[in-house]
Amino acid sequence: MYDQYSTDGSIELAQKLGIEVRFFGDRRTLNDQWYLDVKNNCWKECRGKGIDYVIVVDIDEFVTVPDTLFCTFPKVVGYNMISDELPKEDMFEIKTGEFNENYSKQAVFNPDQIQEINYVHGCHKHHATGNLTTQRNPWCTLKHFRMIGGVDRLIERHATYRKRMSEFNKKNQMGWHYNHSDEAKRDEWNYLKSQAREL
């Protein structure tokens, strides 16, 4: 797990599970260029080791991969999950969400067949090169659990991220959604709740 000095318990949880934690960036600032460099390169050490697929995700993203995949670059269908509560035991207690093209990230691919993934800033899109064979069905699903625990929790987290924004991000208008007003965040929350369904 690559971690930019998070303070939400992610590091401790990963270490408890026996996951190696590698730090990047610094403790003070969020810089999308550091994040992009990690995502575009972290998987390359898996090449030549008989690994069929790598899964490159954020800690609040969960990918389900079907038993049968016969391609190098499977289709990924993304969902934005929402819940006023935090899960008690398992993230998959949260079952409501909505399909979202923006979260249909190419998070699964064969490391030996892809030369470069070439994510763009935010890592929602890519310009991959290599042997890109796609299988549309069955597909992988990516569930993004950003909007959980209530809207006040989301507002508080965004305020923290806003304080850590690097000059690079400000100059290039990255992480712009952290600057939305509390009212806009409540509107987004309420809209998603009205559109969400049980998945």
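The values are calculated or read from the model by the stated rules, or taken from the named source; none is laboratory data. This structure is a prediction, so every number in the text was calculated from the model and none was measured. Counting neighbours? That spans all protein chains shown, and the Cβs are built from the backbone with ideal geometry, glycine included. In case anyone asks, the SASA skips ligands and DNA or RNA and just uses the protein heavy atoms, side chains included. Shrake-Rupley method; radii C 1.70, N 1.55, O 1.52, S 1.80 Å.
Structure above, values below:
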| item | result |
| --- | --- |
| Test for residue 68: is it out of contact with any Pro (no Cβ under 6 Å at 6 or more places or on another chain), among the hydroxyl-bearing types (Ser, Thr, Tyr) and exposed (fewer than 15 other Cβ atoms within 10 Å of the Cβ) | yes |
| Selection count where residues are among the β-branched types (Val, Ile, Thr) and out of contact with any Phe, Trp or Tyr (no Cβ under 9 Å at 6 or more places or on another chain), scope the stretch 1-20 | 2 |
| Which numbered condition residue 135 fails, given (1) surrounded by fewer than 13 Cβ atoms within 10 Å (Cβ to Cβ); (2) among the polar types (S, T, N, Q); (3) not in a helix (DSSP H, G or I) | (1) |
| Residue in the stretch 174-181 that is out of contact with any Leu (no Cβ under 8 Å at 6 or more places or on another chain), at pLDDT below 90 and outside any helix (DSSP H, G or I) present | yes |
| Number of the exception - residue 184 against (1) over 22 Å from residue 42 (Cα atoms); (2) assigned to a helix (DSSP H, G or I); (3) touching a residue at least 12 places away in the same chain (Cβ under 8 Å) | (3) |
| Any hit, the stretch 29-44, residues being part of a loop (DSSP other than H, G, I, E, B), open to solvent by 60 Å² or more (accessible area, probe 1.4 Å) and either modelled with pLDDT of 95 or more or farther than 22 Å from residue 156 by Cβ (or both) | no |
| Checklist (1) among the acidic types (Asp, Glu); (2) more than 11 Å from the chain's Cα centre (by Cα); (3) under 23 Å from residue 77 (Cβ atoms); (4) open to solvent by less than 60 Å² (accessible area, probe 1.4 Å) applied to residue 26, failing item | (3) |
| Residues located in the stretch 7-23, provided they are surrounded by 11 or more Cβ atoms within 10 Å (Cβ to Cβ) and either touching a strand residue (DSSP E or B) at 6+ places or on another chain (Cβ under 8 Å) or touching a residue at least 40 places away in the same chain (Cβ under 8 Å) (or both) | 10, 11, 14, 21, 23 |
| Long-range neighbours under 8 Å by Cβ, at least six apart or interchain, first residue in contact (Cβ under 8 Å) with a residue 12 or more places away in the chain within the stretch 33-50, second open to solvent by 50 Å² or more (accessible area, probe 1.4 Å) and of a type in the set (Phe, Trp, Tyr) | 33/168; 38/2; 42/2 |
| Residue count, the stretch 81-110 (criterion: of a type in the set (Asp, Glu) and without any contact (Cβ under 8 Å) to a residue 40 or more places away in the chain) | 4 |
| Test: residue in the stretch 92-111 that is outside any loop (DSSP other than H, G, I, E, B), among the aliphatic types (A, V, I, L, M), within 30 Å of residue 168 (Cα to Cα) and at pLDDT 95 or above | yes |
| Lone unmet requirement of (1) part of a loop (DSSP other than H, G, I, E, B); (2) free of Cβ contacts under 8 Å to residues at least 40 places away in the same chain; (3) not charged (D, E, K, R) for residue 158 | (1) |
| Any hit, the stretch 42-56, residues being within 13 Å of the chain's Cα centre (by Cα) and not basic (Lys, Arg) | yes |
